[in-house]
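J.: Pasting a structure here, questions to come.
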Amino acid sequence: MIIAIDGPAGAGKSTIARRIALHFGIAHLDTGSLYRAVALEAMALGDPADPVIAERAARALDLSVLEDRRLRDEAVTAASSVVAAIPGVRAALLEFQRSFARREGGAVLDGRDIGTVICPDADAKLFLTATPEARAARRTRELQGEAGGSIYRRVLEDMKARDARDSVRQAAPLVPASDATVIDTSTLDADAVFAAALAAIHGKLAVTKR
């Protein structure tokens, strides 16, 4: 069983993906962390926007970097959407993601192109979305303790810029798969989103078994 969960930053996809994986007892991969790791290593090598540097970082990616706390830094977050737009980076990470999805027992993968590119034949596809304002508010709450003071406006502008980059890039743009269930999480808490996601997945699996 392969479950694909896509959506923009701050929509809650990673949180729900972890809960879904735990519910079904299968593995989970936050594919966004792969691009964050590439961004972090590319930043150490030079300019992450340089395709040569970014592709070199992707090909030599050390998965132990996925445990690095710096992956959540704002600079790395911004750089991750830059390297994700580079076709060579996406190609370098493609087979790793597909191999993870094919593991025995199944897997839940969350990202931006799981249902459209990585696992187009996934058993169930979800696309979580929310207004930029709702997503920025969530991200602000995460960062508030670190930054001190209100940073909402900057987070909102950064999020809109990232949405624009992710949506218009030529390599795997951020769009819902044609057969994905779209869930707007703007006004929902985590439990409500989980319930909606679970209902959608069971519905897809029931159709598949017929």
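J.: Any chance segment 36-51 includes a residue that's of a type in the set (A, V, I, L, M, F, W, C), in a loop (DSSP other than H, G, I, E, B) and at pLDDT below 95? Step through it out loud before you land on a result.
T.: Narrowing segment 36-51 to residues of a type in the set (A, V, I, L, M, F, W, C): 37-40, 42-45, 49.
Of the ones still in play, those that are also in a loop (DSSP other than H, G, I, E, B) are 49.
Adding the requirement that they be at pLDDT below 95 leaves none.
So far as segment 36-51 goes, no, none of its residues is of a type in the set (A, V, I, L, M, F, W, C), in a loop (DSSP other than H, G, I, E, B) and at pLDDT below 95.
J.: Out of (1) among the charged types (D, E, K, R); (2) farther than 29 Å from Asp189 by Cβ; (3) assigned to a helix (DSSP H, G or I); (4) at pLDDT 95 or above, what's the single condition that is false for Arg18?
T.: (2)
J.: If you check Leu45, Leu93, Leu34, Leu29, which single one turns out to be buried (at least 19 other Cβ atoms within 10 Å of the Cβ) and farther than 27 Å from Leu198 by Cβ?
T.: Testing whether each residue is buried (at least 19 other Cβ atoms within 10 Å of the Cβ) and farther than 27 Å from Leu198 by Cβ leaves just Leu93.
J.: I'd like the full set of residues that are of a type in the set (A, V, I, L, M, F, W, C) and buried (at least 19 other Cβ atoms within 10 Å of the Cβ), limited to segment 1-26.
T.: Ile2, Ile3, Ala4, Ile5, Ala9, Ala11, Ile16, Ala17, Ile20, Ala21
J.: Based on this model, can you work out whether Ser80 counts as buried (at least 21 other Cβ atoms within 10 Å of the Cβ) and either within 17 Å of the chain's Cα centre (by Cα) or without any contact (Cβ under 8 Å) to a residue 40 or more places away in the chain (or both)?
T.: Working: buried (at least 21 other Cβ atoms within 10 Å of the Cβ): yes; either within 17 Å of the chain's Cα centre (by Cα) or without any contact (Cβ under 8 Å) to a residue 40 or more places away in the chain (or both): yes.
Yes.
J.: Next question, about the same structure. Please list, ordered by first then second residue, the pairs with beta carbon atoms under 9 Å, 6 or more apart or interchain, first in segment 88-108 and closer than 19 Å to Ala21 by Cα and in contact (Cβ under 8 Å) with a residue 40 or more places away in the chain, second acidic (Asp, Glu) and not in a helix (DSSP H, G or I).
T.: Within 9 Å, the pairs are Gly106/Asp123.
J.: To continue, here is another question. Yes or no: segment 153-161 includes at least one residue that is in contact (Cβ under 8 Å) with a residue 60 or more places away in the chain, in contact with a Lys or Arg (Cβ under 9 Å, 6 or more places away or on another chain) and not aromatic (Phe, Trp, Tyr).
T.: Scanning segment 153-161 turns up at least one residue that is in contact (Cβ under 8 Å) with a residue 60 or more places away in the chain, in contact with a Lys or Arg (Cβ under 9 Å, 6 or more places away or on another chain) and not aromatic (Phe, Trp, Tyr).
The values are calculated or read from the model by the stated rules, or taken from the named source; none is laboratory data. Since the model is a prediction, treat every value here as computed from it, not as a measurement. Note: ideal-geometry Cβ built from the backbone for every residue, glycine included; neighbour counts use all protein chains shown.
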